[in-house]
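Structure first, then comments.
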Amino acid sequence: MATADLRDRSIGDLIGRLSDQAARLARLEVRLAKAEMLQKGKLAGRGAAVAGGGVLLALGAFGALTATLIMALSEGMDGWLAGLIVTVVYAILAAALIDIGRRRIAAATPPVPEQTIETVKEDVQWAKTRM
């Protein structure tokens, strides 16, 4: 709308229009915040799934593979040493998987709609300059 058209309107009309536009802007910001939070939630979920997979792998493999490896290694060394070697290898693998998952979860936090906060700040600044 041209500036001349705005000068012809009453203050009540202008305030009503400003109110409508502010409400529309607020609704759009809420939609943006929802979309951003959904995206971050998906990223956190994927990270948790990877970490959970690492834990599941560590627990599932612990039983069958541990016994097999210890028995194979005990052919050439004492059984306790074979058990210690297998335990250390499993601990390293589990720690690596858990660390990858932890980093992915950290990338999705804090669960704050950062982009929305920035656009709201810009909107407030724009509104201040217009007044």
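No value in this document is a laboratory result; all are computed from the given coordinates. Source: prediction; values computed, not measured. Cβ: placed from backbone, ideal geometry, glycine included. Neighbour counts: every protein chain shown.
Pairs of alpha-carbon atoms within less than 8 angstrom and 6+ residues apart define the contacts here; what relative contact order does the chain have, in percent?
Worked out over the chain, it gives 38 percent.
Given Cα pairs under 8 Å that are at least 6 residues apart, what percent is the relative contact order of the range 51-112?
47
Please give the FRET efficiency for residue 117 paired with residue 11, using the beta carbon to beta carbon distance and R0 = 41 Å, rounded to the nearest 0.05.
Rounded to the nearest 0.05, the efficiency is 0.80.
Going by C-beta contacts inside 10 Å, put 104, 9 in order with the fewest on the left.
Ordered by Cβ neighbours within 10 Å, fewest first: 9, 104.
Nearest 500 deg cm²/dmol is fine: what mean residue ellipticity at 222 nm does the chain get from its DSSP H runs of n ≥ 4 alone, each adding -39,500 (n - 2.57), divided by its residue count?
Computed mean residue ellipticity for the chain: -31500 deg cm²/dmol.
Please give, to one decimal in nm, the separation of the simple spin-label points placed at residue 92 and residue 43, each 7 Å out from Cα toward the Cβ.
For residue 92 paired with residue 43, the spin-label model returns 3.2 nm.
Using the reciprocal of the averaged 1/r over all distinct C-alpha pairs, how large is the Kirkwood radius of the chain in Å?
The answer is 20.0 Å.
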